[in-house]
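Beneath this line is the structure, given in structure tokens, with notes to follow.
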Amino acid sequence: VQLQASGGGLVQAGGSLRLSCAASGIIFSLYDMGWYRQAPGKQRESVATITSSGSTNHAESVKGRFTISRDNAKATVYLQMNSLKPEDTADYYCAAKRTTPSRFYWGQGTLVTVSS
């Protein structure tokens, strides 16, 4: 199983980035997908999730600014990030989760740095 995240980089406050996570080795359409982030010295936290049926949930800190979406045909999940703030600076990770049978996979991180 591989979850290949991309799209991170350096952006000024107020700017936008779109993260992508391409999955292989799983039946993508059966998995709930999520984006998580970990800032230096902090615990990893959930940013946004999208179920296999397309229902989404976004953390309060990113509501109205970030949008998670998925393309099952491309086995890819996206995170559109707008109005970025310096506090959004973190390593961003994607994850795939299935309940029955129980499965959970992490991808590698992609670094997002927002300068003030």
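A few points about this structure:
- For segment 66-79, the set of residues classified as outside any loop (DSSP other than H, G, I, E, B) and either more than 14 Å from residue 56 (Cα to Cα) or open to solvent by 60 Å² or more (accessible area, probe 1.4 Å) (or both) consists of 67, 72, 73, 74, 76, listed by residue number.
- Taken over segment 83-100, the criterion of being open to solvent by 60 Å² or more (accessible area, probe 1.4 Å) and either part of a loop (DSSP other than H, G, I, E, B) or under 26 Å from residue 25 (Cβ atoms) (or both) is satisfied by 83, 85, 97, 98, 99, 100.
- The residues of segment 1-32 that are out of contact with any strand residue (DSSP E or B) (no Cβ under 7 Å at 6 or more places or on another chain) and within 24 Å of residue 89 (Cβ to Cβ), listed by number, are 14, 15.
- Residues that are assigned to a strand (DSSP E or B) and farther than 27 Å from residue 72 by Cα were ranked within segment 8-20; the one that is least open to solvent (accessible area, probe 1.4 Å) is 11.
- Filtered residue count, segment 88-116, keeping only those that are under 12 Å from the mean Cα position of the chain (by Cα) and at pLDDT below 95: 2
- For the condition open to solvent by 40 Å² or more (accessible area, probe 1.4 Å) and assigned to a strand (DSSP E or B), residue 108 does not qualify.
- Checking the stated criteria, residue 59 turns out not to satisfy the condition of being at pLDDT 95 or above and open to solvent by less than 20 Å² (accessible area, probe 1.4 Å).
- Annotation: of all residues in segment 23-51 being of a type in the set (Gly, Ala, Ser) and more than 11 Å from the chain's Cα centre (by Cα), the one that is surrounded by the most Cβ atoms within 10 Å (Cβ to Cβ) is 23.
- Those residues of segment 21-46 which are in a loop (DSSP other than H, G, I, E, B) and over 28 Å from residue 85 (Cα atoms), in sequence order: 25, 26, 27, 31
The values are calculated or read from the model by the stated rules, or taken from the named source; none is laboratory data. Model, not experiment: these values are computed from the prediction. Backbone-built Cβ (ideal geometry, glycine too); neighbour counts: all protein chains shown. In case anyone asks, the SASA skips ligands and DNA or RNA and just uses the protein heavy atoms, side chains included. Shrake-Rupley method; radii C 1.70, N 1.55, O 1.52, S 1.80 Å.
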